[in-house]
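Below is one structure, written out as structure tokens; comments come after it.
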Amino acid sequence: MKIPRRAFIGSSLVALADGSLAAANSKSGSQKKSGKGVQREADPSAKPPLVISTWPFGKPANDRTLEVFRSGKSGLDAVEQGVRLAEADLSNPSVGLGGIPAAHGVVQLDACIMSGPGHKAGSVAAVEGFKHPVSIARRVMEETRHVMLVGEGAQRFARERKFEEGPAVTPGQKAAWENWKKAQEAEKAKAPNHDTIALLMLSPSGDIFGACSTSGWGYKIPGRVGDSPIIGGGLYVDNAVGGAGATGIGENVMRYCGSFLVVEFMRQGMSPTEACLATLHRIASMDPKGYDLSINFIALDKRGRFGAAGTGQGFQYSVACDDFSKVLQSPGVTQKPVGPLGGNRL
Ligand code: SD4
């Protein structure tokens, strides 16, 4: 089913390639009229190798991904190494062992990796004490008949393969956790912010690779698994179409197969930004919280077009290719779109 662009772009903001924002109301000129009727406004595109990732801290990860790829390694090696860079940064409270711990004071990491060629995937969740869950996920993908290992089983698998171990929690996060515990006992604790790296790469041969890693929701219930390691939730790659990744409150992504839906909308002909917006509108139309979801998506397609969108004010994401490496602002959505399908589920 083709969905009129007007129906979902509505009153959103669209990120320009230079990072600025422009109103993208369908009536305000973002659609071009031609003799053949209304045409879609293309998202920015870039010549591959092209890398896109969530948040400004994705920028060094993108640069690392390109550096590894240019050195002759595979696309899978490149995305893994890019995400490892973020995992190794102990000052990042959202990814790797520097992350905010679960409620028992120990960091539990979630990660996954996908290869477009062969449609392969590997994933781990609630892993304690290992520095690079994305690499464990890759080994699950390459050395087992399974897709996902969790908790103690994933740790045993990693230990047997001599993956690098690390602290249960960093001293800084332990001190913050102790304060949180005290505040919680006094019933004054707030949930801290948390982010995730989802990273996608399009290679010059048209292959797509993706990886995702997070310490998840700060002070979560031990054993809680978010969207990030869920194939189709926090990450999805279809080598014939494109890839998508998510960040934000995983519970609001994984109930809707968010990244899978973004890719499916691109398959129907939407640009990456349009597909991210349509996914947000779909989720908001179903969720009792409406647009109060705190979720964001990035996407790239097979043609080298890229985009992103988030609820509220949107979010910042990073893009790199041979010509540039920069941080962009995504569009943000706070209300349902105007147009004939505005009241329906897109
Ligand atoms: C999760 N989606 O575990 C992750 C966390 C995140 O911005 O991305 N926060 O729910």
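Some notes on this structure:
- Restricting attention to the range 51-65, the residues that are away from the ligand (no atom under 16 Å from the Cβ) and surrounded by fewer than 24 Cβ atoms within 10 Å (Cβ to Cβ) total 4.
- Residue within the range 245-253 that is assigned to a helix (DSSP H, G or I), in contact with a Gly (Cβ under 8 Å, 6 or more places away or on another chain) and among the acidic types (D, E) present: yes
- In the range 147-165, the residues that are surrounded by fewer than 20 Cβ atoms within 10 Å (Cβ to Cβ) and in contact (Cβ under 8 Å) with a residue 60 or more places away in the chain: V147, V150, G151
- For the range 146-190, a residue qualifies if it is more than 25 Å from the chain's Cα centre (by Cα), over 16 Å from V127 (Cβ atoms) and in a loop (DSSP other than H, G, I, E, B), and the qualifying residues are A186, E187, K188, A189.
- Selection from the range 254-269 of residues that are part of a helix (DSSP H, G or I), away from the ligand (no atom under 16 Å from the Cβ) and either over 13 Å from R282 (Cα atoms) or hydroxyl-bearing (S, T, Y) (or both): V263, M266, R267
- Looking across the range 243-267 at every residue that is farther than 23 Å from F209 by Cβ and of a type outside the set (S, T, Y), the one that is farthest from the chain's Cα centre (by Cα) is identified as R255.
- In the range 81-110, the residue that is surrounded by the most Cβ atoms within 10 Å (Cβ to Cβ) out of those that are within 14 Å of the ligand (Cβ to nearest atom) and within 16 Å of M201 (Cβ to Cβ) is V83.
- Enumeration of residues in the range 200-216 that are part of a loop (DSSP other than H, G, I, E, B) and crowded, with 21+ Cβ neighbours inside 10 Å: S215, G216
- Residues satisfying the stated conditions in the range 255-300, i.e. acidic (D, E) and surrounded by fewer than 19 Cβ atoms within 10 Å (Cβ to Cβ): D287, D292
- Looking at P192, P222, just one residue is farther than 19 Å from C112 by Cβ, touching a His at 6+ places or on another chain (Cβ under 7 Å) and surrounded by fewer than 18 Cβ atoms within 10 Å (Cβ to Cβ), and that residue is P222.
- Residue tally, condition among the charged types (D, E, K, R), in contact with a Lys or Arg (Cβ under 9 Å, 6 or more places away or on another chain) and within 16 Å of the ligand (Cβ to nearest atom), over the range 270-300: 1
- Inter-residue pairs, beta-carbon under 9 Å, first farther than 23 Å from Q173 by Cα and in the range 220-241, second aromatic (F, W, Y) and in a loop (DSSP other than H, G, I, E, B), 6+ apart: G233/Y256
- Residue list for the range 176-201, restricted to those being within 13 Å of the ligand (Cβ to nearest atom), hydrophobic (A, V, I, L, M, F, W, C) and either in contact with a helix residue (DSSP H, G or I) (Cβ under 6 Å, 6 or more places away or on another chain) or within 17 Å of V106 (Cα to Cα) (or both): A191, I197, L199
- Residue in the range 135-146 that is within 15 Å of the ligand (Cβ to nearest atom) and buried (at least 24 other Cβ atoms within 10 Å of the Cβ) present: yes
- Test: residue in the range 131-143 that is in contact with an Asp or Glu (Cβ under 6 Å, 6 or more places away or on another chain) and β-branched (V, I, T): yes
- Pairing each residue of the range 187-198 that is hydroxyl-bearing (S, T, Y) with any residue that is within 11 Å of the ligand (Cβ to nearest atom), provided the two are 6+ apart or on different chains, yields C-beta distances under 6 Å for T196/T214; T196/S228; T196/T247.
- Filtered residues of the range 222-233 (kept if in a loop (DSSP other than H, G, I, E, B) and more than 12 Å from the ligand (Cβ to nearest atom)): P222, G223, G232
Only the coordinates and a few stated rules stand behind these numbers; no lab work does. Being a predicted model, the structure only gives us computed values, none of them experimental. Ideal geometry is used to build each Cβ from the backbone, glycine not excepted, and the neighbour counts take in all protein chains shown.
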